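One structure is given here, and the rest of the page talks about it.
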Amino acid sequence: MRPEETTYAACLTPPGAGGIAVVQVIGRRAGEILAPHLKTAKPLDLNTLPEHRLRLCRVVDGEETIDDAVVAARRDALGRLVVDLSVHGGRRVVQRVLMLLKQAGARIVEARELPAVQYEGQSVLAREGAEALLKAKTRPVAAWLARTIEQLPADIERLLADLAAGRIAEVRETLARQCRRGEAARYLLDGVRVVLIGRPNTGKSTLANRLSGRNLAIVSDRPGTTRDWIEHPGAIAGVPFTFVDTAGLRPPTDPIEQEAIRRTHTQIAPADIVLRVIDASTSPADEDIQAIQTPRPDPQSRHLFVWNKADLPCHPEHTRLLETIPERAVLVSALTGQGFDILRERVLALMSLEAWETAQAAPFTDRQLAACRAALSALTVAIPDPQTADHYLKSVIQVPPGQEDS
């Protein structure tokens, strides 16, 4: 078969790196090869599927379902069909899908061997969107990105039209909202890092296990079970999270404990959220009382106090402490799951990610967000500069000629 007639398939994502894996199929016969193996509630023609429109399918081998998949299709500059299958990221699922494609006539290659997909004629936003889709850690994030890639250009065009009509106040207000959404949106791709700290035996490991939905940490009633920090990947409402379980904070009794506590402190600085876990069933520790009573220097500080073991009788003093900081306190039971719906809501609210799946499109790269901020800045000075704002807004969609490699 001539090279131009070959259909190639490869897994674009590192094996086992995330919750989803992206298998890309490129070739003029891609639709023909895939059609018998994609089952949908409504008829699906990959050759006519609008670019970046997602469809939910089942990947099947005869009567056997291999996995559910989110499917997107487009054409490259040579007219070849490019299909992205987002499946679960387990190695066995990916292997089954690639084996099925091979049996159907595709040539399986490494991702670096795939024919280069040409982007001439496409906007820089579309290119960035295609790259971001490959990095999406959850399916809801991939679906949000697909909608954003389609909606954001139209939103920018409306802003440009309002700017040309002299509606500067309206543009300024809308841009401010776009920037706020963009600041929150970066966590959809990068994920949110949550560090759990507290005294030994407060239930941090059980809490981390329940938040992540995985029993990665060994739990025990014996203090000091966790001697180093452990990462737990997970998701809340489709947002990727990493929950970091750390060694208990207490005066060290040996060099190993001293090093474990030092490592705990190194995890706090880069955290997006810090959860201080407190045992609600025992008398309050002096360091916990001090932490509760110490005013936060930054009112936007993303710290929550999590009183654990709500399945046991609550110590009266903890009841009083809870009432002093209701906006920063959550009562839960990591053992039974009590209070976890509220905890998840609080965590999402701290990152301004409430109802993010239904939110409007937002800048999703640092470049796009910087351009929106620059446009907003040009309109918030004493004498607004619509021309400069126009320039930066257009650059969100398309890099000006001569600056493609800058």
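The values are calculated or read from the model by the stated rules, or taken from the named source; none is laboratory data. Just so it is clear, the model here is predicted, and its values are computed rather than measured. In this analysis, Cβ positions are derived from the backbone assuming ideal geometry, glycine residues included, and neighbour counts consider all displayed protein chains.
Scanning the range 69-77 for any residue that is assigned to a loop (DSSP other than H, G, I, E, B), in the same structural domain as A106 (by TED's automatic domain parsing), at pLDDT below 90 and farther than 18 Å from L134 by Cβ turns up at least one such residue. A count restricted to the range 69-89 and to residues that are under 21 Å from V141 (Cα atoms) and exposed (fewer than 15 other Cβ atoms within 10 Å of the Cβ) stands at 0.
Looking at the range 1-40, which of its residues are modelled with pLDDT under 85 and either charged (D, E, K, R) or farther than 29 Å from G234 by Cβ (or both)? Walk me through how you get there before you give the answer.
Taking the range 1-40 and keeping what is modelled with pLDDT under 85, we get 1-5, 12-21.
Across the range 1-40, the qualifying residues are M1, R2, P3, E4, E5.
Each residue in the range 358-392 was checked for being charged (D, E, K, R), under 26 Å from the mean Cα position of the chain (by Cα) and more than 17 Å from V124 (Cα to Cα), and 1 pass.
One line per residue, one yes/no per condition, for (1) among the small types (G, A, S); (2) modelled with pLDDT under 90; (3) in a loop (DSSP other than H, G, I, E, B):
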| position | (1), (2), (3) |
| --- | --- |
| R250 | no, yes, yes |
| Q258 | no, yes, no |
| T266 | no, yes, no |
| Q290 | no, yes, no |
| P297 | no, yes, yes |
| S301 | yes, yes, yes |
| L312 | no, no, yes |
| E323 | no, yes, no |
| G337 | yes, no, yes |
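For the residues A375, A362, A334, A349, the requirement of being among the hydrophobic types (A, V, I, L, M, F, W, C) and either touching a Pro at 6+ places or on another chain (Cβ under 9 Å) or surrounded by fewer than 20 Cβ atoms within 10 Å (Cβ to Cβ) (or both) singles out A349. On the stretch given as the range 120-138, residues that are under 11 Å from the mean Cα position of the chain (by Cα) and modelled with pLDDT of 80 or more total 4. Of everything listed in (1) part of a helix (DSSP H, G or I); (2) modelled with pLDDT under 95, the single unmet condition for A361 is (1). All told, T388 falls short of being in the same structural domain as F241 (by TED's automatic domain parsing), free of Cβ contacts under 8 Å to residues at least 40 places away in the same chain and polar (S, T, N, Q).
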